[in-house]
1. Considering each residue of region 136-163, count those that are surrounded by 14 or more Cβ atoms within 10 Å (Cβ to Cβ), in a loop (DSSP other than H, G, I, E, B) and in contact with a strand residue (DSSP E or B) (Cβ under 8 Å, 6 or more places away or on another chain), and give that number.
2. For region 164-175, what are the residues that are within 17 Å of the chain's Cα centre (by Cα) and not in a loop (DSSP other than H, G, I, E, B)?
3. If residue 35 satisfies every condition in (1) surrounded by 22 or more Cβ atoms within 10 Å (Cβ to Cβ); (2) in contact with a helix residue (DSSP H, G or I) (Cβ under 8 Å, 6 or more places away or on another chain); (3) hydrophobic (A, V, I, L, M, F, W, C) but one, which is the exception?
4. Residue check, residue 10 against (1) surrounded by fewer than 20 Cβ atoms within 10 Å (Cβ to Cβ); (2) under 22 Å from residue 185 (Cα atoms), all met but one. Which one?
5. Go through region 51-96 and report how many residues are closer than 24 Å to residue 117 by Cα and either of a type in the set (Lys, Arg) or not in a helix (DSSP H, G or I) (or both).
6. Please list, ordered by first then second residue, the pairs with beta carbon atoms under 8 Å, 6 or more apart or interchain, first in region 83-101 and more than 21 Å from residue 35 (Cβ to Cβ), second outside any helix (DSSP H, G or I) and basic (Lys, Arg).
Amino acid sequence: MVIALLMAGGKGTRMNSDLEKPLTIVKGKSLIEHVLSALQDSSCVNEIVVATSHHTPKTAFHAENLGFRVLKTPGNGYVEDLSFLLSQEAFHHEVILTITSDLPLITGKIIDLVLEKYHKSSRPAMSVMVPLEIFRENGLKASLVLGNVVPSGLNILRGNDTEQDEEVLVLGKIELALNINSPEDIICLEKLWGNSRR
């Protein structure tokens, strides 16, 4: 069974907005709704759980109104909140796909591709990276660079709060590169949408 944990509890301070980041509207829908739609379109995801915190109460309310299960985290940071969630007995021994709420270009097909690669791997965890070149080609600013790759907002691991041996999957996809962290990222997104006439 694959459980998608949609991480939506961060402060989103770089957005310089009073609005909670997951509720930022792009192309007529909130960021979180774009990601939820992709998860629903995936043929491999069995359950979707939205992880929020005291930083994102309106996001929690919105997700619940859309009919999704919401879990509250302490709101101490991405890694700490994920660790808190993975320590919950309900997630033990399950395959957990973690995804951030700020990947508006993500699709169900890409999620399925990553899960397909994961199921072929012998390792319990997989981190998905994007080549730095994709960022350069599209005028995007990477928030964290590891050599010549950048972590995407999508990873897979087993449900237990221990360090796990991971495989690194590098995918040259703009859909995994464009995290909305600032107003400048929204401008890049609108340009991309304009160029592809999506």
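Read the figures in this text as sums done on the coordinates, not as results from a lab. Worth saying up front: this structure is predicted, and the values here are computed from it rather than measured. All Cβ positions, even for glycine, are placed from backbone atoms using ideal geometry, and neighbour counts span all protein chains on display.
1. Looking only at that region, the number is 2.
2. Initially, region 164-175 is screened for residues within 17 Å of the chain's Cα centre (by Cα), giving 168-175.
Result: 168, 169, 170, 174, 175.
3. Among (1) surrounded by 22 or more Cβ atoms within 10 Å (Cβ to Cβ); (2) in contact with a helix residue (DSSP H, G or I) (Cβ under 8 Å, 6 or more places away or on another chain); (3) hydrophobic (A, V, I, L, M, F, W, C), the lone unmet condition for residue 35 is (2).
4. That leaves (1) as the condition not met.
5. Residues in region 51-96 being closer than 24 Å to residue 117 by Cα and either of a type in the set (Lys, Arg) or not in a helix (DSSP H, G or I) (or both): 5 in total.
6. As it stands, the answer is 93/158, since those pairs meet every condition given.
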